[in-house]
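Encoded as structure tokens, the structure appears first; notes follow it.
What follows is calculated from the coordinates using simple rules that are stated; it is not laboratory data. Everything numeric here is computed off the predicted structure, so don't read it as measured data. Cβ coordinates were reconstructed from backbone atoms using ideal geometry, including for glycine residues, and neighbour counts include every protein chain displayed.
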Amino acid sequence: MARLHVVALAARLPRWAQEARSAWLARMPKGFEVDCLDVKSGSVERVRARLPRGTRMVALDERGRDLGTREFAKLVLEPTAFVLGGPDGLDPQFREQAFLVLRLSALTLPHALAQLVLVEQLYRAASIHAGHPYHRE
């Protein structure tokens, strides 16, 4: 089973975004579990302390790498925490200590929308591995 984490370093999501996030997570194929941690703020050490040992960290940042869907799908096969920054982005320490710095888009996205894009992509990646026809090429 792949255990994934979405770590949001920001205030709580608005209700509409919480509902949408929950809807995507409820559809997750068997064998994939996604936990969402909302952390008001904190250091890399504080975030890592809340994650299971051996979880690798992917920092989401506008200066990160672009990945295609199939390449992104490889990330969900191991325990991974995807860390989203607040309105001012991530502290440089997160980027420096991350397994990978990834960007969701070249566009600037509001925090709530970035979380939804991420969760949908996690669902899409898990669907690829489950052999579900959601993803089309």
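How big is Rg to Rh over the chain, alpha-carbon atoms, Rh as the Kirkwood inverse-mean-distance radius?
Looking at the chain, the ratio lands at 0.93.
Over region 1-114, what is the relative contact order in percent, taking alpha-carbon pairs closer than 8 angstrom and at least six residues apart?
37 percent
If each of residue 120 and residue 132 carries a label point 7 Å out from its Cα toward its Cβ, how far apart are those two points in nm?
So the two model labels end up 1.5 nm from each other.
Under the 0.36 nm per residue contour assumption, what length would be gained going from the current alpha-carbon distance of residue 27 and residue 49 to full extension?
5.1 nm
If the chain between residue 56 and residue 11 were fully stretched, how many nm would it gain, using 0.36 nm times the residue separation less the Cα-Cα distance?
Length gained, residue 56 through residue 11: 13.9 nm.
Which of the trypsin sites (Lys or Arg not before Pro) found in region 95-137 are in a DSSP loop and have at most 14 neighbouring Cβ atoms, other than their own, within 10 Å?
136
State the extension gain, in nm to one decimal, for the chain segment bounded by residue 108 and residue 65, taking 0.36 nm per residue of separation less the distance between their alpha-carbons.
14.0 nm
Once you mark the chymotrypsin sites (Phe, Trp or Tyr not before Pro) that are in a DSSP loop and have at most 16 other Cβ atoms within 10 Å, what is the longest gap between them in the chain?
That would be 1-98.
Using amide H atoms built in the peptide plane, which far-off residues or other-chain residues are under 5 Å from residue 83 H to H?
Here 7, 58, 59, 60 satisfy the definition.
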